[in-house]
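In what follows, a single structure is set out as structure tokens and then discussed.
The values are calculated or read from the model by the stated rules, or taken from the named source; none is laboratory data. Please read all numbers here as calculations on a predicted model, not as lab measurements. All Cβ positions, even for glycine, are placed from backbone atoms using ideal geometry, and neighbour counts span all protein chains on display. Accessible surface areas use protein heavy atoms only, side chains included; no ligands, DNA or RNA. Shrake-Rupley method; radii C 1.70, N 1.55, O 1.52, S 1.80 Å.
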Amino acid sequence: MPGTDSIISMQQVGKWYGQFQVLRGIDLEVARGERIVICGPSGSGKSTLIRCINRLEEHQQGRIVVEGVELTNDLRQIERIRRDVGMVFQHFNLFPHLTVLENLTLGPMWVLKQARAQAEATAMEYLARVRIPDQASKYPGQLSGGQQQRVAIARSLCMQPKIMLFDEPTSALDPEMVKEVLDVMVGLAEESGMTMLCVTHEMGFARKVADRVIFMDQGEIVEQNTPDAFFDHPQHERTRLFLSQIL
Ligand code: ADP
Ligand code: MG
């Protein structure tokens, strides 16, 4: 049976926005601990694909199974899956009126029912891990974009997810801040063994941490391979065209 050993299994997934088919026959098996980079032209369906994994978007065809639980309209199942899946967006989506520490403890206290002291201790651990423990009492608006994105990553980690989804986490950042965020993500990949799916065009990052690079175009997975094979020997014309535009 396909997907038995996979933490995420997508089988023939299709999705439409009105008449427009945004995902076509997506088959994807993600192994526990696997690190996947997804790339492809703007509008190719990358965000939609990863947003289907935690049901921020609903698919209309095929099956998606996460941690053995199939995504259907059953709200309890959706809630269960969302506990296991953290997500970091291009725009950090921090609460501006809460301090960094409060941003980090909100979910653990209210969703995971942790006591404040425990939530704060965990939050401080993760702030240290993303290298900004000294920013805990500041408000998001007082931080740089790179620092805010690291807070967003720490906030996700505080919920103890099994899977982390990243949707172009560095594309809204000024160039000098990209590296500090990528370094944190590399550290996370290397130290945590967490399953990671990352939409990014940062090819250095892909080469360093990805087990597999997936190229999407027009709602399809066109090609996938190990990073070295993918970048050095792309098989499809569409992939070559894309790589020639970003490299
Ligand atoms: P990518 O992340 O690869 O840039 P997206 O998944 O965001 O692509 O979008 C794929 C296509 O679906 C685009 O053509 C986009 O305009 C369209 N699309 C995305 N979200 C919506 C929506 N909520 N309603 C209608 N069309 C959408
Ligand atoms: Mg996108």
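How big is the convex hull of the Cα atoms of segment 109-207, per residue, in Å³? Write down the numbers at each step before the final one.
Values: hull volume 10.6 nm³, N = 99.
Hull volume over Cα atoms, normalised by residue count, gives 107 Å³.
Would you list the P(r) distribution for the chain, with all Cα-Cα distances sorted into 5 Å bins from 0 and each bin expressed as a whole %?
1, 6, 13, 17, 19, 17, 13, 8, 4, 1, 0, 0
Beyond 16 Å, what percent of the Cα pairs of segment 81-133 remain?
Result: 49 percent of Cα pairs exceed 16 Å.
Out of 23, 199, 126, whose Cα points farthest toward the positive end of the dipole of the chain (charges: +1 Lys, Arg; -1 Asp, Glu; placed on Cβ)?
126
Which three extents, in whole angstrom, do the alpha-carbon atoms of segment 16-71 cover along their principal axes, largest first?
Ordered largest first, segment 16-71 gives principal extents of 34, 24, 19 Å.
Testing the spin-label approximation: label points 7 Å from Cα along Cα→Cβ at residue 121 and residue 247. State their distance in nm.
4.9
List the lysines whose alpha-carbon lies under 20 Å from that of residue 208, not counting same-chain residues fewer than 8 positions away?
Candidates past the 8-residue exclusion: 179.
In debye to the nearest 20, how big a dipole does the chain give about its Cα centre with +1 on each Lys and Arg Cβ and -1 on each Asp and Glu Cβ?
Here the size comes out at about 540 debye.
Could you point to the residue in 165, 151, 209 farthest towards the positive end of segment 140-247's charge dipole, with +1 and -1 charges on the Cβ of Lys/Arg and Asp/Glu respectively?
Comparing the listed Cα positions along the dipole, 151 ranks first.
Hey, which lysines would be in cross-link range of residue 15, C-alpha to C-alpha under 28 Å, not counting anything within fewer than 8 residues on its own chain?
Hits, sequence-local ones excluded: 46, 162.
Starting from the Cα gyration tensor of segment 1-140, take the square roots of the eigenvalues, sort them a ≥ b ≥ c, and report rounded, prolate or oblate (rounded when a/c is under 1.5, otherwise prolate if a/b is larger than b/c, else oblate).
Note, shape of segment 1-140 comes out prolate.
Using the Karplus curve 6.51 cos²θ - 1.76 cosθ + 1.60 with θ = phi - 60°, what ³J(HN,Hα) values do you get for each residue of segment 197-209, in whole Hz, with x for Gly and Pro?
So the J values, rounded to whole Hz, are 10, 10, 7, 7, 10, 7, 6, x, 4, 4, 5, 6, 10.
Please give the charge dipole size of segment 44-163, origin at the Cα centre, charges +1 on K and R Cβ atoms and -1 on D and E Cβ atoms. Round to the nearest 20 debye.
About 120 debye.
Of the trypsin sites (Lys or Arg not before Pro) in segment 1-102, which ones lie in a loop per DSSP and count no more than 15 other C-beta atoms within 10 Å?
32
May I ask you to list the residues of segment 54-98 whose amide nitrogen lies under 16 Å from a point 7 Å from Cα along the Cα→beta-carbon direction of residue 27?
Flagged as within label range: 62-65.
Over the chain, average the accessible area per residue using a 1.4 Å probe and give it in Å², no decimals.
So the chain comes to 47 Å² accessible per residue, rounded to a whole number.
Alpha carbons only, please: Rg and Dmax for segment 171-247, in angstrom.
Over segment 171-247's Cα set, Rg and Dmax evaluate to 13.2, 36 Å.
With axes computed from alpha carbons, what is the tilt in degrees of helix 237-246 against the longest principal axis of the chain, rounded to the nearest 10 within 0 to 90?
40
Throw me the Rg/Rh for segment 44-105, computed over C-alpha atoms with Kirkwood Rh, two decimals.
So for segment 44-105, dividing Rg by the Kirkwood Rh gives 1.05.
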